[in-house]
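The values are calculated or read from the model by the stated rules, or taken from the named source; none is laboratory data. As the structure is a computational prediction, the values presented were derived from the model and not from experiment. So basically every Cβ, Gly included, is an ideal-geometry build from the backbone, and we count neighbours across all protein chains shown. With ligands, DNA and RNA removed, areas are computed over all heavy atoms of the protein, side chains included. Shrake-Rupley method; radii C 1.70, N 1.55, O 1.52, S 1.80 Å.
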Amino acid sequence: LSPGALVCDLGAGSGALGLRLSDSGLDVTAVDVDTTAMASDLRTVELDALDSALTDRFAGAFDAVCAVELAEHVSDPLALCRQAAALLAPTGLFVLSTPNVTHPYSRAKFAATGRFLLFDDEMYWTTGHRNPLPLWLLNQHLRAAGFDHIEHGYAGRFDFDGVRAIAGKAASVLQRRGRAELGTTENGPSLLVMSRLAIASPDSARGPV
């Protein structure tokens, strides 16, 4: 993305990623259901990421949409992909991350307990982790929403700075500093996916937001 490109950060939280993108010259709109703790330097919109009011206001407005560690929380991950498609200008970029449920630790936990790492009864209520999304399923959601040119990689670490590392990788992708790294086969705890809105998407594939 070139300086001045319009970026929507869905589920922006404190606004840490938005600030990084803004500092690198991108024009960021940070969206969250609660913006009271958001960095004051950001343009904010207080709405749920799936709210139709968001597309009513910003349909086709953005060059890129980010959803970092959000898809596992929302009620409908396919609806999130369709929301991103509706917010993007033609051929716009969608960058998202979600816990990597095929990480070796997660595979071992599933084999032993039938539950993925970071997804269990307690996590459902304490962290809101409700939707484990393996890469194959995320790819199908993206294609159904009208995206193509899907790339994936991994990011993060199992320590206090892990989420910060994920945000840094997402920022580097949008700044064209991480293209080679995006395709890494290293099994990080977070799955990072970048896709581009197809030039022509069948209405039946896009569907309603």
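With an 8 Å cut-off on Cα pairs and a minimum separation of 6 or more residues, tell me the relative contact order of the stretch 98-145 in percent. Don't skip to the end; give the middle numbers.
Numbers: 32 pairs, mean separation 16.6, N = 48.
35 percent.
With every protein chain in place and a 1.4 angstrom probe, the accessible-area ranking of Ser190, Ser40, largest first, reads Ser40, Ser190. Solvent exposure of Thr127, expressed as accessible area, is near 50 Å², computed with a probe of 1.4 Å over the protein chains only. In the full protein context, the stretch 4-137 carries 44 Å² of accessible surface per residue, based on a 1.4 Å probe and ignoring ligands, DNA and RNA.
Could you sort Asp9, Asp48 by their accessible area in this structure, using a 1.4 Å probe and putting the largest first?
On the way: Asp9 5, Asp48 75 Å².
Largest to smallest exposure gives the sequence Asp48, Asp9.
Taking a Cβ cut-off of under 9 Å around Val74, the surrounding Lys, Arg, Asp and Glu residues balance to a net charge of -2, with basic ones at +1 and acidic ones at -1. Across the stretch 36-99, the mean sequence separation of Cα contacts (distance under 8 Å, 6 or more residues apart), normalised by length, yields a relative contact order of 40 percent.
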